[in-house]
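Chemist: Got a structure for you, questions after.
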Amino acid sequence: MASCEPSGYDVVGIGFGPSNLSLAIALQELGATGATPPTARFFESQPSFGWHRNMLLPTAKMQVSFLKDLVTFRNPTSPYSFVSFLHAVERLPQFVNNSDFFPTRAEFHQYLEWVAANFADQVSYGTRVTAVTPLRSSGPAGPVDRFRIQVSSPATGESSVEARNVVLATGLAPRMPQDFVRDERVWHSSEFLEKFRRCDAAKLTDIVVVGAGQSAAEIARHCYDNAPNATVTAVIPSYGYSIADNTPFANRIFDPNAVDDYYFAEERAKEKFWQYHRNTNYSVVDDEVIRSLYQRQYDDEVRGAERLHFAELSRVTDVKRSGDDTRVTIHSLATDRSYDMDVDIVVCATGYEAMDIAGVLGELDGYCARDEQGRHRLERDYRLVTTDDVSAGIYLQGGTEHTHGLSSSLLSNMATRSGEIVRSLSRNRLPEAVSC
Ligand code: NAP
């Protein structure tokens, strides 16, 4: 951090992935309208910008259109669009010639890094927020009108800043089945590439990939292609992978307007949203990946050397580790029997939990309202509902599926959401911006 810091910021962003990067742009672009943008600072625990780096498999493609980038749905003329990036790196004609709305994840990551580089002076990387505490500027009887954000970094040690608002965007947390402990043999998909690269892939003979979502299918394909002597067993709870519905009417669930439809809907309608449309995102796989896996298995069958197996209607129920040995217990729902497999590697592509809001907020969580099911209550502008004595704002980017619907943890609505949060933030600023 620079030695001369303002005494407080209008907003501190906790986490600097795509969501808060999109917010940083929206704040800056508010300045272009003649308004003074809220002052902002961001803290990110990773040493540099990164977005699901361990799932940047070479063949993996984006599941959303390149037009659902950091800005376009909010401001199609922004200099931080994917198209602007392509223009800057002199790849626009080549991209267009390819007639494909879905770039690779690797290319989209290049785009995100390109944008993030423009905001480096607002971000402290390698810095973890350790506590957010309420402050009352006008004494103990006054409202909580600021927060103190304590941060810790190996490079600069412990320090703190104050802010009128915080925006939490700390991302999803890996979900392991039955709380399996992760180690050098038992991985979650979120650490896949890093750990796979550490292996001698040619020596792997048995790999189990758990799950029937996009991560599992991509990883099963990657293992099959890059561990040439390994048998890959995909343990899937369904009978076969189900397709991710990205047909046009279903895709409307991700439109900015759908957030209103969900937010203001009756509870029963919300349940129907999930019942009918969960298959646009969870436990589903893109058509192309399904077909390519099927083709590999079929080709093996023709050759008489099968290397890709499917344990259908099955779940992994236990993993036992001892030295280099790894034993997986698989329960077949079809036979209601369990059996063991000795393997080299188990990859649990078993999804994610929502952002841990209470963990980040600490004592501040006690000021936040919850619904009958114990979930945090939110305003339409993504601000947590707090007790009446809190005038400072806590906003969420993520962890809002129960209030704002399916697109909450996805890129689809990010640009619009950032604009909505910035509009709200600009109405709740520090009394005076004190700068050095
Ligand atoms: P996911 O869709 O939540 O899938 C998790 C899978 O694990 C489910 O099929 C789940 O089955 C299964 N599972 C959980 N516990 C299990 C057990 N003990 N045994 C067997 N299976 C078990 O997670 P994901 O695939 O990581 O996808 C998460 C998000 O990332 C999605 O939005 C996806 O689109 C996105 N993603 C995108 C890309 C890309 O852009 N190319 C790549 C990867 C992921 P049950 O539901 O039956 O529990």
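The values are calculated or read from the model by the stated rules, or taken from the named source; none is laboratory data. Note that the coordinates shown come from a computational prediction; the quantities given were computed from them, not determined experimentally. Cβ sites come from the backbone with ideal geometry, for glycine too, and all protein chains shown count toward neighbours. The protein model used for the area step is the full one, side chains on, heavy atoms only, and it has no ligands, DNA or RNA in it. Shrake-Rupley method; radii C 1.70, N 1.55, O 1.52, S 1.80 Å.
Chemist: How many residues does region 159-187 contain that are in a strand (DSSP E or B), away from the ligand (no atom under 16 Å from the Cβ) and surrounded by 22 or more Cβ atoms within 10 Å (Cβ to Cβ)?
Modeler: Taking region 159-187 and keeping what is in a strand (DSSP E or B), we get 159-168, 173-174, 186-187.
Add one more test, that the residue is away from the ligand (no atom under 16 Å from the Cβ), and what stays is 159-168.
This time we only want the ones that are surrounded by 22 or more Cβ atoms within 10 Å (Cβ to Cβ), so: 163-168.
The qualifying residues number 6.
Chemist: Moving to a separate point now. Would you tally the residues in region 17-43 being under 22 Å from the mean Cα position of the chain (by Cα) and assigned to a helix (DSSP H, G or I)?
Modeler: 10
Chemist: What tally of residues in region 50-101 results from selecting those that are within 16 Å of the ligand (Cβ to nearest atom) and closer than 25 Å to Tyr125 by Cα?
Modeler: 11
Chemist: In region 209-227, which residues are within 15 Å of the ligand (Cβ to nearest atom) and either touching an Asp or Glu at 6+ places or on another chain (Cβ under 9 Å) or within 14 Å of Ala60 (Cα to Cα) (or both)?
Modeler: Narrowing region 209-227 to residues within 15 Å of the ligand (Cβ to nearest atom): 209-223.
Within region 209-227, Gly213, Gln214, Ser215, Ala216, Ala217, Glu218, Ile219, Ala220, Arg221, His222, Cys223 meet the criteria.
Chemist: Scan region 63-81 for residues that are farther than 15 Å from Asn413 by Cα and touching a residue at least 24 places away in the same chain (Cβ under 8 Å) and report the count. Step through it out loud before you land on a result.
Modeler: Residues of region 63-81 that are farther than 15 Å from Asn413 by Cα, as a first pass: 77-80.
Those still in the list that are touching a residue at least 24 places away in the same chain (Cβ under 8 Å) too: 78, 80.
Residues meeting the conditions: 2.
Chemist: Being within 16 Å of the ligand (Cβ to nearest atom) and at negative phi is the requirement here; does Phe147 meet it? Give the derivation first.
Modeler: Numbers: within 16 Å of the ligand (Cβ to nearest atom): no; at negative phi: yes.
It is false that Phe147 is within 16 Å of the ligand (Cβ to nearest atom) and at negative phi.
Chemist: For the list (1) touching a Phe, Trp or Tyr at 6+ places or on another chain (Cβ under 7 Å); (2) closer than 27 Å to Gly359 by Cα; (3) surrounded by fewer than 20 Cβ atoms within 10 Å (Cβ to Cβ), I need the number of the one condition that Val123 fails.
Modeler: Every listed condition holds for Val123 apart from (3).
Chemist: Moving on. Taking the options Thr350, Thr416, name whichever one is in contact with a Lys or Arg (Cβ under 7 Å, 6 or more places away or on another chain) and within 16 Å of the ligand (Cβ to nearest atom). Walk me through how you get there before you give the answer.
Modeler: On the way: Thr416 fails: within 16 Å of the ligand (Cβ to nearest atom).
Matching residue, one of Thr350, Thr416: Thr350.
Chemist: The conditions are (1) farther than 30 Å from Lys195 by Cα; (2) of a type in the set (Asp, Glu); (3) at pLDDT 95 or above, and Glu113 fails exactly one of them. Which is it?
Modeler: With (1) farther than 30 Å from Lys195 by Cα; (2) of a type in the set (Asp, Glu); (3) at pLDDT 95 or above applied to Glu113, the lone miss is (1).
Chemist: Tell me, please, whether a residue that is in contact with a strand residue (DSSP E or B) (Cβ under 6 Å, 6 or more places away or on another chain) and closer than 26 Å to Ile330 by Cβ can be found in region 138-150. Write out each step before concluding.
Modeler: Keep residues of region 138-150 that are in contact with a strand residue (DSSP E or B) (Cβ under 6 Å, 6 or more places away or on another chain), which gives 144, 146-150.
After this cut, where a residue has to be closer than 26 Å to Ile330 by Cβ as well, the list is none.
No, region 138-150 contains no residue that is in contact with a strand residue (DSSP E or B) (Cβ under 6 Å, 6 or more places away or on another chain) and closer than 26 Å to Ile330 by Cβ.
Chemist: Just to check your reading of the model, which residue among Ser238, Ser190 is open to solvent by 10 Å² or more (accessible area, probe 1.4 Å), within 14 Å of the ligand (Cβ to nearest atom) and in a helix (DSSP H, G or I)?
Modeler: Numbers: Ser238 fails: in a helix (DSSP H, G or I).
Just a single option satisfies the conditions, and that option is Ser190.
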